[in-house]
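The values are calculated or read from the model by the stated rules, or taken from the named source; none is laboratory data. As the structure is a computational prediction, the values presented were derived from the model and not from experiment. Here the Cβ is made from the backbone with ideal geometry for all residues, glycine too, and neighbour counts use every protein chain on show. Side chains are part of the model used for accessible areas, which takes the heavy atoms of the whole protein and leaves out ligands, DNA and RNA. Shrake-Rupley method; radii C 1.70, N 1.55, O 1.52, S 1.80 Å.
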Amino acid sequence: MNSPAIVGRGVTEGARMFREWFASLTEAPQRGRPAAYVFVMGSFNELLLAFDMAPVFPEINSLQMAVRRVAHEYLNEAEDYGYSPDICGYVKADVALQLRKGRHPMGVIPKPDVAILTNACNTYLKWGEIWERMHGTPVVTVDIPGSRASGRQTWPGDPDFERDRIYVERQIRELIAVLERVAKKKFDVDRLRETMGHANAMSRSFKQLIELNRSTPAVFNAVSEGTVYLGVANGFRGTAAGAAYFRDLVEEMSYKAANGLGTINEEKHRLVFVGVPCYPIFRRFNELFSEWGGAFVSSTYLWFASGGAGLGWQYDLSRPIESLAEGALIGVRHAMDCMFFQDRALIDLIDPYRVDGVVFHGIKSCRTTSTGLSDTRRVLGERRDIPSLLLESDMMDRRVVSEAQMKNRVDAFFEGLASRKLARTSA
């Protein structure tokens, strides 16, 4: 296969699939498909698809508003309705979306027939209460035990893990009973095995994809292109189309790695991104780094927002419900670890990815991903001699995004990186 046919295919195909996905959400009520509102950390997509439900990701809906530069219209409407400027921008954008009867730049989002939450983010719990008040939506919260301490995860075979697994499994069986009532359909375990098989294939490829960026130059930008991949990983988890997409993506990135093709023309600095991107100026935000030859080779975002796909976890299809509980426990726990114990995740990335610097992005309206960034930065500096940059803006609200101020800090960061490399070369 020649390079023009394969290079860039992942981004193009991802955009096409997402247009079709939003069209399918628009058509869901006419097709009699109940809509389930879910989140990127613990969506249970495999189970929902087994009931032929339409999974709706409010986080992705809100993200798309920001990227398409219409978020301010939704934020203003929610604030006029009474929501504080200080709370999560994703929530406010969704509130306005509900007030507009689902009208979104990419289609019409159906009302929720059921909402499924996890405790991975405390905002999820209050967000679900909004849908209860607005639509009378039944809300199911699945409580996933997190790590008791940094580096203290338990795994299958450990008695503590088994107790946690049983706790989650019992909640999943209660969830199945709720879904049977909402979907008016009996649970089909063979259909669940099928969707979990597709999720297995996707997870294998997703893990390979992340590891391929150890290549020099990096074959994809973990922030810009990575956001496209995350969207497909969530929206198409448990589908044949999603599994095929990531199989083809690994083929594309393997080709680029084998032929020395990078995500930017001249890679000078290899960076890791921490947090959620700045969507109101998404393209420009990335240009601030790429113009200096900075390539984002990895990000904590690829881990905590991938629905557990980053681990490559494989379900045991001979015992699907038990294994679904194991996968939820391991995947959601890892997502929480990547926010609460980020120092360990970052330190583990430095050598395999040959990292030159770390960029922390604190955002006004998400305490879950932004709390403790300064402490993590300090710990990273103490344990590894890696320069870092802390930026502050938002993932939705353009009123608190100062591009000029951000550029000054980014320029100073790269000047420091360049001086550091020069000093090492001269030593």
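Could you calculate the contour length gain from Arg247 to Thr12, that is, 0.36 nm times the residue separation minus the distance between their Cα atoms, to one decimal place in nm?
Full extension from Arg247 to Thr12 adds 83.1 nm.
Would you mind calculating the gained length between Ala427 and Ser84 on full extension (0.36 nm times residue separation, minus the Cα-Cα distance), in nm to one decimal? Present the calculation step by step, with values, prior to reporting the outcome.
Working: separation 343, 0.36 × 343 = 123.48 nm, distance 5.40 nm.
Value of the extension gain: 118.1 nm.
Restricting things to Cα coordinates, could you compute the convex hull volume per residue of the chain in Å³?
141
With all pairs of different alpha carbon atoms counted, what Kirkwood hydrodynamic radius in Å does segment 214-279 show?
On the way: mean 1/r = 0.0761 Å⁻¹.
With all distinct Cα pairs of segment 214-279 included, I get 13.1 Å.
Counting DSSP beta bridges with both partners in the chain, what percentage is antiparallel, nearest 5?
If I count the DSSP bridges inside the chain, around 5 percent turn out antiparallel.
Binned at 5 Å from 0, what are the whole-percent values of the Cα-Cα distance distribution for segment 264-379, short to long?
2, 11, 18, 20, 18, 14, 8, 5, 3, 1, 0
Quick check: the angle from helix 224-235's long axis to the longest principal axis of the chain, C-alpha only, nearest 10 degrees?
Helix 224-235 sits at roughly 10 degrees to that axis.
On a 0 to 90 degree scale, rounded to 10, what angle separates helix 159-183 from the longest Cα axis of the chain?
The angle comes out near 60 degrees.
Based on DSSP H runs of at least 4 residues, each adding -39500 (n - 2.57), what is the mean residue ellipticity at 222 nm of the chain after dividing by all its residues, to the nearest 500 deg cm²/dmol?
Taken over the chain, the calculation gives -17500 deg cm²/dmol.
Once label points are set 7 Å from the Cα along Cα→Cβ at both Arg409 and His135, what is their separation, rounded to one decimal in nm?
3.7
How far is the Cα center of segment 233-289 from the Cα center of segment 318-352, in Å?
20
Could you give the distance between the Cα centres of segment 200-221 and segment 376-397, to the whole Å?
The distance from the Cα centre of segment 200-221 to that of segment 376-397 comes to 24 Å.
Out of the chymotrypsin sites (Phe, Trp or Tyr not before Pro) in segment 92-148, which ones are loop residues according to DSSP with at most 12 other C-beta atoms within 10 Å?
In loop regions of segment 92-148 (DSSP not H, G, I, E or B), there are no sparsely surrounded chymotrypsin sites (Phe, Trp or Tyr not before Pro).
What FRET efficiency, computed as 1/(1 + (r/R0)^6) with R0 = 60 Å and r the Cβ-Cβ distance, is obtained for Arg420 and Glu27, rounded to the nearest 0.05?
With R0 = 60 Å, the Cβ-Cβ based efficiency is 0.65.
Could you tell me what % of all Cα pairs in segment 180-290 have separations over 23 Å?
Taking all Cα-Cα pairs of segment 180-290, the fraction more than 23 Å apart is 42 percent.
Can you compute the FRET efficiency between Asp348 and Ala240 using 1/(1 + (r/R0)^6), with r the Cβ-Cβ distance and R0 = 35 Å? Round to the nearest 0.05.
So, using R0 = 35 Å, E works out to roughly 0.60.
What spacing in nm lies between the two simple spin-label points modelled at Ser318 and Leu261, each 7 Å away from Cα in the Cβ direction?
It is 4.2 nm.
So with the 1.4 Å probe, I'd like the accessible area per residue for segment 167-216, rounded to whole Å². Intermediate results must be reported in sequence, preceding the final value.
Details: 2590 Å² over 50 residues.
Value returned for segment 167-216: 52 Å² of accessible area per residue.
Taking the chain as a Gaussian network, where each spring joins two C-alpha atoms under 10 Å apart, which residue of Ala96, Ala36, Ala177 fluctuates the most?
Ala177
Sum up the charges of everything whose Cβ sits under 14 Å from the Cβ of Leu99, counting Lys and Arg as +1 and Asp and Glu as -1, but leave Leu99 out.
+1
Classify segment 100-240 as rounded, prolate or oblate, taking a ≥ b ≥ c as the square roots of the eigenvalues of its Cα gyration tensor: rounded when a/c is under 1.5, otherwise prolate if a/b is larger than b/c and oblate if not.
The shape class here is oblate.
For an R0 of 60 angstrom, estimate the FRET efficiency from the Cβ-Cβ distance between Val178 and Glu382 and round to the nearest 0.05.
0.80
Give me the percent of the accessible area of segment 154-209 that comes from carbon and sulfur atoms, probe 1.4 Å, all protein chains in place.
Carbon plus sulfur share of accessible area: 51 percent.
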